[in-house]
Each structure stands twice: as structure tokens, then as C-alpha cells.
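Below is one structure, written out as C-alpha cells; the observations come after it.
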Amino acid sequence: MQDILRKIPPEKRRTISAVYASILILAISLIMLANSGGEIDTDLIPYFDATIYLIILGSSSVLIFIGIPLLFILVILKIEINEFIPKISWFTATSALLITVCAMVIISPVAEWNMNLDFGDSDFAQWARNSEDQLRMLTAHLTTFTSPVQFVLSLVVIGIIPAVGEELLFRGLIQNNLSIALKNHHTAIWLTGFIFAAIHLQFFGLVPRMLLGVLFGYLYHWSGKLTVAMLAHLINNGLQVVLLYLVQQEAIDISPEEMEQAAPWPALLIFGALGAYLLYNFKQRFNPENE
């Protein structure tokens, strides 16, 4: 990870990091609370203008997840943006790409299990399932591409903006501050991964999203380059948008339902072995003494 408090006096770092982390977590909690109160009339979803909705969603995401963290980084921490988001080599970028693809395959059984969890007939279970169904319908509507322009817009709003903004906020600020405050980077990575998953308010996808967040956290911790986490995040989100587009263009023959199923065991074994090898080499390349 990065020493984001290096320009703050050493005796004040732990206190300040704890305060900053608490403020950020409180802000995220308020966002979650606001989102949880919003109900979408599913009958109206087909009438939403997807382009306008994507523009509004993208604009609000840029403000919350990119604008505010950047202001914090540049003004409070006084760190140049090219220091906070450094360039990476093609080798590092390729490693991040392959590791992320392997992770997506390996996590697929967990995603299928989480999606089929039965919480019974409690109020929480009904709310969680209704929220999941609403979001599924909305996502399907926004990713039914009527033109190449809408595909590119979706790729920007669903892929690029979250990859940059959420990594700035979660790994760049929250994970770093928690690591300093708790003096344990493992706890900080897993706690940040949980917060990252929980803010999406998709409890039938919480576990796989948390595991991906943990992966992004370790890639960042080992490399010290937030760009690596951003790229991995972009690959995860962007690849799903591209696959949906190719399916709709009939370039590949696979249904959206099949994309949500667990990968077959031979693929899990192959990608699991490859992913473990790539992760080990990634860690050794950047920080062989980290544990």
C-alpha cells in the first residue's frame, strides 16, 4: 500500500487516520441508508430512458466516488494525483488482467451459492430479494444495447467510473487509513472488502463481491500501486458488459443465465492452479517479504 499520511506529522498519523476512516465509513453508511429507502416501481423500468439514466448515474458516481476523494487527496493529504495513481508496466497490467479473469472463474461457485441463499420469510429476506429483483431488472434494461453509443456509455458508467472512483475511495483512502489505524493490513483489507460489498446493498451477491474487493486490496497492498486495483476492477466490470454486448450481437452463443452459473470443475481446477501461480509470482515480484 501507500503511505498516504507521509506529509502529516508522525505523532498525529494514527489519530488522524482513525478519524478520517470513521468519517468515510459514516458517509458510506449514510449513502447505504439513503439507497435502502428507495423503491423502484418495476412496472416503470421499461419506460426509463436508458441513456439519460446512465448519464445521471455516471454524473452522480463521478461526484461521490471521484470528485470528493480527489479533493481529499489533493487538498487534505497534499499528494499529487500522479503519485497516488502511478503508471504501471505492461507486464504488471497483463498480470492483473490474468489474475482477475482467474478470480472471476474461481469465485463463480461462491456467486451461485450466494445467489441461491434462502433467508426464509423474514422481512429482511423479502426486502433483500425484492431489492435484488429490482436491480436485476434495472441492470437488464440498462444493458439492453440499442446502439454502439449506448454500449460505450454503459462501459464508461458501469466499468470505468466505478473502477476509478471506488478504488480511490475504498482501497486508496479507507483501506490505507484502516491499515494505519488498526496496525494490521490484513484486517484492513478484509474489513474494507466487506464495506465495499455491503455498500452495494446486494446481499445475494455480497460474498463474491467481498472476495473480489479483498483481491483488489491485496493486489494494491503488494504492488503499492492503486492503478493495479483500478485495472483489476475495470476488467471485472468491463468484461461482463462486453460479454453481454457480444451475446446481444450474437457474436457468442451463451445466455445471461449461463453466465451466472458456476464454472465446471475442470475449469475451476485449471484456473485455480493458474491463479494461485500468478498471485504468488505477483507478490514475489513486488514485495517478497510481505505476509
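Can you give me the Cα centroid spacing of segment 107-145 and segment 190-269 in angstrom?
16
For residue 112, put the label point 7 Å out on the Cα→Cβ axis and report which residues of segment 235-262 keep their amide N under 12 Å from it.
Residues 258-262 fall inside that zone.
For segment 134-226, which trypsin sites (Lys or Arg not before Pro) are both in a DSSP coil and crowded by at most 12 other Cβ atoms within 10 Å? Working shown, then result.
Details: sites: 136, 171, 183, 209, 225; in loops: 183, 225.
Sites meeting the loop and neighbour criteria: 183.
Lys pairs in segment 10-286, Cα-Cα under 26 Å, at least 8 apart or on separate chains: how many?
The result is 11.
Using only the Cα atoms of segment 95-241, what semi-axes does the equivalent ellipsoid have when each is the square root of 5 times a gyration tensor eigenvalue? Give whole Å, largest first. Write down the numbers at each step before the final one.
Numbers: eigenvalues 129, 92, 37 Å².
For segment 95-241, the ellipsoid semi-axes come out as 25, 21, 14 Å.
What 222 nm value per residue comes from the helices of the chain, counting each DSSP H run with n ≥ 4 as -39,500 (n - 2.57) and dividing by all residues, nearest 500 deg cm²/dmol? Could you put the intermediate results ahead of the total?
Working: 14 runs with 194 residues, N = 291.
Computed mean residue ellipticity for the chain: -21500 deg cm²/dmol.
Once Rh is set to the Kirkwood radius over Cα pairs, what Stokes-Einstein translational diffusion coefficient, in µm²/s, holds for segment 172-291 at a temperature of 25 °C and a viscosity of 0.890 mPa s?
On the way: Rh = 16.2 Å.
So the translational diffusion coefficient is about 152 µm²/s.
Candidates [x] 36, 22, 17; [y] 31, 24, 19; [z] 25, 24, 20; which is the computed semi-axes √(5λ) of the Cα gyration tensor in Å?
Looking at semi-axes √(5λ) of the Cα gyration tensor in Å for this model, the match is [y].
For segment 80-219, what does the relative contact order come out to in percent, with C-alpha contacts under 8 Å and a separation of six or more?
Working: 78 pairs, mean separation 41.9, N = 140.
Relative contact order of segment 80-219: 30 percent.
When the chain is fully extended, how far beyond the present Cα-Cα distance does residue 187 get from residue 71, taking 0.36 nm per residue of separation? Provide the component values of the computation, followed by the final result.
Values: separation 116, 0.36 × 116 = 41.76 nm, distance 2.66 nm.
Length gained, residue 187 through residue 71: 39.1 nm.
Using DSSP to define loop residues, name the chymotrypsin sites (Phe, Trp or Tyr not before Pro) in segment 117-215 whose beta-carbon has at most 14 other beta-carbon atoms within 10 Å.
Numbers: sites: 119, 124, 127, 145, 151, 170, 190, 194, 196, 203, 204; in loops: 119, 145, 203, 204.
Taking segment 117-215 and a limit of 14 other Cβ atoms within 10 Å, the loop chymotrypsin sites (Phe, Trp or Tyr not before Pro) found are 119.
Which of the GluC sites (Glu not before Pro) found in segment 203-283 are in a DSSP loop and have at most 15 neighbouring Cβ atoms, other than their own, within 10 Å?
Working: sites: 250, 257, 258, 260; in loops: 250, 260.
Filter output for segment 203-283: 250, 260.
So how strong a dipole does segment 160-291 carry about its Cα centre when Lys and Arg Cβ are +1 and Asp and Glu Cβ are -1, to the nearest 20 debye? Mind dumping the intermediate values first?
Numbers: 6 positive and 9 negative charges, 131 e Å.
Once rounded to the nearest 20, the dipole reads 620 debye.
Read-outs throughout are calculated quantities, based only on the coordinates presented, and are distinct from any laboratory measurement. Only a predicted model underlies this, so the values are computations on that prediction, with no experimental measurement involved. Using ideal geometry, Cβ is built from the backbone for each residue, glycine included, and neighbour counts are taken over all protein chains shown.
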